[in-house]
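Colleague: Dumping the structure here so I can ask a few things about it.
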Amino acid sequence: MRAHFAGNEAIVSVRDTGVGFPVTESSHIFDMFVQLNSTQGDASAGLCIGLTLVRSLVELHGARVRTCSDGPGKGATFTISLPTVPAPETALDAPTRARSASGSYSRRRGACARGTARVSC
């Protein structure tokens, strides 16, 4: 799992080592009832609605999801791009006034650093 900020987005990527899929199938993988890399009678196949549900939930948050794979047997990377919004100001973040030795006041504000990680796909 990797995460970073890019512009006004938070980007989260998860890479697995699963069955992967052909590059040509990436546009269909989120479609309802689409099943890739399966054999008839595969008991672990499921209903094929999981990734459709993921896409729907992600889009409800104003975000988008994409996936890529280097091919069958090579796993896949799923990436969600979430829009960021300024955090509401809280009592801990609010500017405070501190009296200096000279008796004047100065403004101080807390800061938050964002970490970065590289996402590849």
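Any read-out appearing in this document is the output of simple, stated calculations on the displayed coordinates, not a laboratory observation. Keep in mind that this is a model prediction, so the values were computed, not measured. With ideal geometry, Cβ positions are generated from the backbone for all residues, glycine too; neighbour counts draw on all protein chains shown.
Colleague: Cβ under 10 Å from VAL65's Cβ, VAL65 left aside: what net charge do those residues give with Lys, Arg +1 and Asp, Glu -1?
Modeller: Working: positive: ARG55, ARG64, ARG66; negative: GLU59.
Result for the local shell: +2.
Colleague: Oh, and also: Calculate, in nm to one decimal, what VAL19 and ASP70 gain on full extension: separation in residues at 0.36 nm each, minus their alpha carbon distance.
Modeller: Once the chain is fully extended between VAL19 and ASP70, it gains 17.3 nm.
Colleague: Using alpha-carbon pairs under 8 Å, 6+ residues apart, how would you state the relative contact order of the stretch 2-86 in percent? Display every interim value, and only then the final one.
Modeller: Values: 143 pairs, mean separation 36.4, N = 85.
Relative contact order for the stretch 2-86 comes out at 43 percent.
Colleague: So if we plug the beta-carbon distance of VAL54 and GLU89 into 1/(1 + (r/R0)^6) with R0 = 25 Å, what FRET efficiency do we get, rounded to 0.05? Each step should come with its number before you reach the end.
Modeller: Numbers: r = 33 Å, r/R0 = 1.31.
That gives a FRET efficiency of 0.15.
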